[in-house]
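Visitor: Before I ask anything, here is the structure I am working with.
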Amino acid sequence: GIGMTARVTGEPGAGAPPVPDDGTAVTGGRGPVTSPRRALVQLVAGVAAAVVLAVATGHVDLLVVVVSLVVMVMVHELGHLLAAKHGRMKVTEYFLGFGPRLWSFRRGETEYGVKALPLGGYVKIPGMTNLEEVDPADEPRTYRQQPFHARLLVAVAGSAMHFLMAFVLLWSLFAFVGTPSATQVAIEGTATVGGRPGPAAKAGLRAGDVVVSVDGARVGGDASVLTTAIHDHAGKPVRLVVERDGVRRTVTVVPANGRTASEAGVALPSGTAPFGVIGVSLGAPLERVSPVPALGRTVTGIGRLTASSVTSVVSLFSPNAIGQRFKQVTSAKAAAQASANGTRVESIVGAVNTAAQAFHAGVGNLLAFLVAINLFIGVFNLFPMLPLDGGHVAIAVYERLRSLGRRRPYHADVAKLMPLTWVMLAFLGVLFATSLVNDLLHPLPNPFG
């Protein structure tokens, strides 16, 4: 988020040594030790080592997810940075992580770098509130001295970048990856039946075949038309029309009896009705939309998903939801129920785990998950309470309204809001702790199969 509590005295960071104006890198907060180029080489080498380690240990999925989340965080902060510089504000720091500096370099008046604890990122802009002490020489370029439109732009820029990322990801999903068709049923794979090749494999059905009809009945997007016909015709031939590589062909398959003793290894009661199986898994083929039409579909999708995110964020603050989070920690059944009805809040551990599962389920699932994460964070971050960006939005709007008809702009006393800010911080702490413990004690089931 936007740095707002540190004392800013014209130096790039509280307690840190001055960064030289010649662009020299700073490492570990102990002074200039290397050039920006060498610092960049060291960073690239470290990233390359992490990539090699992930590949060697079979954790490419984790690497992709972590990189995606880091990019998401830093693009959020980039929004604040660009908006502040556009408004001629002074920006002293743009960092990934918190704690001790690992490396950094300076360009102009801004220090860019990485810190030891990769728990987020921040942009430091002097004078975010009236509580900060600022070098008098910097006061004209502080956040608090800028016009309403400039402050509002800085405050909303982080969430705006989340919406932009969600838009690009969703558009890419529609235009280049594709989404499951609602009008077609396809064979995703074949399987054995009773330990032997199933009827589907024997008949020549393949993964990717789109089922057009079964015994003359059109399937469309209704898989039950196919499954009902198969279940009701154990031992009897069934005629399927499938489309493969744009060519339709007719395949005759004879479903096996899935309730035979040979498969179960035990004798079944007399009179047990046959139950036809052919040994396939069903799904929906992916459909892509041309890039231009995909824009309209993306707008509609973003609107629908944003509305859902607003509902989810509002529900977080209900007394019932707070009580349920504590109940989920102590009850695996409550945690499972929350997962099933979509009301469970994931910690960073749960989100990384779900994203990794989405990665294995296909790039489309990963993109859809990242869209949902971006929209949720974008909406949540606009909640009108400090320390969230929405708190700065609320203050800017309040100051604007109080300044109407005045000769001098009104500045809110943030000290009066600190009790509410501490309540919000406590709420965020409880939310973080309960969701983390819940994910550790009751891991989320794989939602992708």
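Visitor: Within the group PRO118, PRO136, PRO140, which residue is in contact with a Gly (Cβ under 9 Å, 6 or more places away or on another chain) and not polar (S, T, N, Q)? Let's see the steps before the verdict.
Guide: Working: PRO136 fails: in contact with a Gly (Cβ under 9 Å, 6 or more places away or on another chain); PRO140 fails: in contact with a Gly (Cβ under 9 Å, 6 or more places away or on another chain).
On inspection, the qualifying residue turns out to be PRO118.
Visitor: Another question, then. Are any of the residues in the stretch 317-327 over 23 Å from ALA182 (Cα atoms), part of a loop (DSSP other than H, G, I, E, B) and out of contact with any strand residue (DSSP E or B) (no Cβ under 9 Å at 6 or more places or on another chain)?
Guide: Yes, the conditions are met somewhere in the stretch 317-327.
Visitor: Can you name every residue in the stretch 196-252 that is touching a residue at least 40 places away in the same chain (Cβ under 8 Å), small (Gly, Ala, Ser) and surrounded by 13 or more Cβ atoms within 10 Å (Cβ to Cβ)?
Guide: Within the stretch 196-252, GLY198, ALA200, ALA201, ALA203, GLY204, GLY208, ALA223, ALA234 qualify.
Visitor: Can I ask one more? Any residue in the stretch 330-338 that is touching a helix residue (DSSP H, G or I) at 6+ places or on another chain (Cβ under 7 Å), farther than 25 Å from PRO118 by Cβ and either touching a residue at least 12 places away in the same chain (Cβ under 8 Å) or among the hydroxyl-bearing types (Ser, Thr, Tyr) (or both)? Steps first, answer last, please.
Guide: Residues of the stretch 330-338 that are touching a helix residue (DSSP H, G or I) at 6+ places or on another chain (Cβ under 7 Å), as a first pass: 334-335, 338.
Checking which are farther than 25 Å from PRO118 by Cβ leaves us with 334-335, 338.
Going one step further and asking which of them are either touching a residue at least 12 places away in the same chain (Cβ under 8 Å) or among the hydroxyl-bearing types (Ser, Thr, Tyr) (or both), we end up with 335, 338.
Looking for residues that are touching a helix residue (DSSP H, G or I) at 6+ places or on another chain (Cβ under 7 Å), farther than 25 Å from PRO118 by Cβ and either touching a residue at least 12 places away in the same chain (Cβ under 8 Å) or among the hydroxyl-bearing types (Ser, Thr, Tyr) (or both), one finds at least one in the stretch 330-338, hence yes.
Visitor: Restricting to the stretch 403-440, count the residues that are farther than 24 Å from GLU133 by Cβ, part of a loop (DSSP other than H, G, I, E, B) and at pLDDT 90 or above. Spell out the reasoning first.
Guide: Filtering the stretch 403-440 down to residues farther than 24 Å from GLU133 by Cβ leaves 404-407, 423, 426-440.
After this cut, where a residue has to be part of a loop (DSSP other than H, G, I, E, B) as well, the list is 404-407.
In the following step, the residues that additionally are at pLDDT 90 or above were identified as 404.
Qualifying residue count, the stretch 403-440: 1.
Visitor: With respect to ASP413, is the statement that it is under 27 Å from VAL123 (Cβ atoms), buried (at least 20 other Cβ atoms within 10 Å of the Cβ) and among the acidic types (Asp, Glu) true?
Guide: On the way: under 27 Å from VAL123 (Cβ atoms): yes; buried (at least 20 other Cβ atoms within 10 Å of the Cβ): no; among the acidic types (Asp, Glu): yes.
No.
Visitor: A further question follows. Can you find even one residue in the stretch 92-103 that is at pLDDT 70 or above, closer than 30 Å to ALA166 by Cβ, in a loop (DSSP other than H, G, I, E, B) and not charged (D, E, K, R)?
Guide: Taking every residue of the stretch 92-103 in turn, at least one turns out to be at pLDDT 70 or above, closer than 30 Å to ALA166 by Cβ, in a loop (DSSP other than H, G, I, E, B) and not charged (D, E, K, R).
Visitor: Answer yes if at least one residue in the stretch 125-135 is buried (at least 22 other Cβ atoms within 10 Å of the Cβ), touching a residue at least 12 places away in the same chain (Cβ under 8 Å) and under 25 Å from the mean Cα position of the chain (by Cα), and no otherwise.
Guide: Step one: list which residues in the stretch 125-135 are buried (at least 22 other Cβ atoms within 10 Å of the Cβ), which gives 125-128.
Cutting the leftovers down to touching a residue at least 12 places away in the same chain (Cβ under 8 Å) gives us 125-128.
Within this subset, residues satisfying the condition of being under 25 Å from the mean Cα position of the chain (by Cα) are none.
Among the residues of the stretch 125-135, not one is buried (at least 22 other Cβ atoms within 10 Å of the Cβ), touching a residue at least 12 places away in the same chain (Cβ under 8 Å) and under 25 Å from the mean Cα position of the chain (by Cα), which makes the answer no.
Visitor: All but one of (1) open to solvent by 60 Å² or more (accessible area, probe 1.4 Å); (2) in contact (Cβ under 8 Å) with a residue 12 or more places away in the chain; (3) of a type in the set (Val, Ile, Thr) hold for ILE302; which doesn't?
Guide: Failed condition: (1).
Visitor: Then there's this: Which of the residues that make up the stretch 382-400 are surrounded by fewer than 17 Cβ atoms within 10 Å (Cβ to Cβ) and part of a helix (DSSP H, G or I)?
Guide: Selection gives VAL397, TYR398, GLU399, ARG400.
Visitor: Might you let me know whether the stretch 164-187 holds any residue that is loosely packed, with under 14 Cβ neighbours inside 10 Å, more than 30 Å from THR298 (Cβ to Cβ) and not hydrophobic (A, V, I, L, M, F, W, C)?
Guide: no
Visitor: Among ASN365, ASN446, which is the only one that is closer than 28 Å to ALA336 by Cβ, outside any helix (DSSP H, G or I) and within 20 Å of the chain's Cα centre (by Cα)?
Guide: Working: ASN365 fails: outside any helix (DSSP H, G or I).
Among ASN365, ASN446, only ASN446 is closer than 28 Å to ALA336 by Cβ, outside any helix (DSSP H, G or I) and within 20 Å of the chain's Cα centre (by Cα).
Visitor: Hey, can you tell me all the residues within the stretch 238-253 that are closer than 10 Å to VAL214 by Cα and among the hydrophobic types (A, V, I, L, M, F, W, C)? Give the derivation first.
Guide: Of the stretch 238-253, the ones closer than 10 Å to VAL214 by Cα are 238-242, 250-252.
If the condition is that a residue be closer than 10 Å to VAL214 by Cα and among the hydrophobic types (A, V, I, L, M, F, W, C), then VAL238, LEU240, VAL241, VAL242, VAL251 are the ones that fit.
Visitor: Condition check: surrounded by fewer than 18 Cβ atoms within 10 Å (Cβ to Cβ), more than 21 Å from VAL177 (Cβ to Cβ), modelled with pLDDT of 90 or more and not small (Gly, Ala, Ser). Does VAL379 satisfy that?
Guide: On the way: surrounded by fewer than 18 Cβ atoms within 10 Å (Cβ to Cβ): no; more than 21 Å from VAL177 (Cβ to Cβ): yes; modelled with pLDDT of 90 or more: yes; not small (Gly, Ala, Ser): yes.
No; evaluated as a whole, the condition is false for this residue.
Visitor: If you don't mind, another one. Kindly provide the set of residues from the stretch 337-351 that are open to solvent by less than 60 Å² (accessible area, probe 1.4 Å) and more than 9 Å from the chain's Cα centre (by Cα), ordered by number.
Guide: Going through the stretch 337-351, the residues open to solvent by less than 60 Å² (accessible area, probe 1.4 Å) turn out to be 338-339, 344-345, 347, 350-351.
The answer is ALA338, SER339, ARG344, VAL345, SER347, GLY350.
Visitor: Within the stretch 186-200, does at least one residue satisfy the condition of being part of a helix (DSSP H, G or I) and touching a strand residue (DSSP E or B) at 6+ places or on another chain (Cβ under 7 Å)? So that I can check it myself, show each step before the final result.
Guide: Taking the stretch 186-200 and keeping what is part of a helix (DSSP H, G or I), we get 199-200.
With touching a strand residue (DSSP E or B) at 6+ places or on another chain (Cβ under 7 Å) added as a condition, the list becomes 199-200.
Within the stretch 186-200, one or more residues are part of a helix (DSSP H, G or I) and touching a strand residue (DSSP E or B) at 6+ places or on another chain (Cβ under 7 Å).
Visitor: While we're on this one: Could we say that ALA150 is under 23 Å from ALA307 (Cα atoms), at pLDDT 95 or above and surrounded by 14 or more Cβ atoms within 10 Å (Cβ to Cβ) here? Give the steps one after another, and end with the answer.
Guide: Details: under 23 Å from ALA307 (Cα atoms): no; at pLDDT 95 or above: yes; surrounded by 14 or more Cβ atoms within 10 Å (Cβ to Cβ): yes.
So ALA150 fails the test.
Visitor: Considering only the stretch 211-234, I want to know if a residue exists there that is of a type in the set (Gly, Ala, Ser) and in contact with a Gly (Cβ under 7 Å, 6 or more places away or on another chain). Please lay out each step first, then the result.
Guide: The first filter runs over the stretch 211-234 and keeps only residues of a type in the set (Gly, Ala, Ser), leaving 213, 216-217, 220-221, 223-224, 229, 234.
Retained after the next criterion (residues that are in contact with a Gly (Cβ under 7 Å, 6 or more places away or on another chain)): 234.
The answer is yes, given that some residue of the stretch 211-234 is of a type in the set (Gly, Ala, Ser) and in contact with a Gly (Cβ under 7 Å, 6 or more places away or on another chain).
Visitor: Let me ask something else. Could you grab me the full set of residues in the stretch 233-242 that are among the charged types (D, E, K, R) and over 16 Å from VAL280 (Cα atoms)?
Guide: Filtering the stretch 233-242 down to residues among the charged types (D, E, K, R) leaves 236, 239.
LYS236 - this is the single residue of the stretch 233-242 that is among the charged types (D, E, K, R) and over 16 Å from VAL280 (Cα atoms).
Visitor: State which residue is farthest from GLU243 (Cα to Cα) when the search covers only the stretch 284-298 and only residues that are free of Cβ contacts under 8 Å to residues at least 40 places away in the same chain and surrounded by 11 or more Cβ atoms within 10 Å (Cβ to Cβ).
Guide: Quick first cut of the stretch 284-298, residues free of Cβ contacts under 8 Å to residues at least 40 places away in the same chain only: 292-293, 296.
Remaining after also requiring surrounded by 11 or more Cβ atoms within 10 Å (Cβ to Cβ): 293, 296.
Working: PRO293: 26, GLY296: 29 Å.
My answer is GLY296.
The values are calculated or read from the model by the stated rules, or taken from the named source; none is laboratory data. Because the structure is predicted, anything quoted here is derived from the model rather than measured. Cβ: placed from backbone, ideal geometry, glycine included. Neighbour counts: every protein chain shown. To get the accessible areas, we keep the full protein, side chains included, count just its heavy atoms, and leave off ligands, DNA and RNA. Shrake-Rupley method; radii C 1.70, N 1.55, O 1.52, S 1.80 Å.
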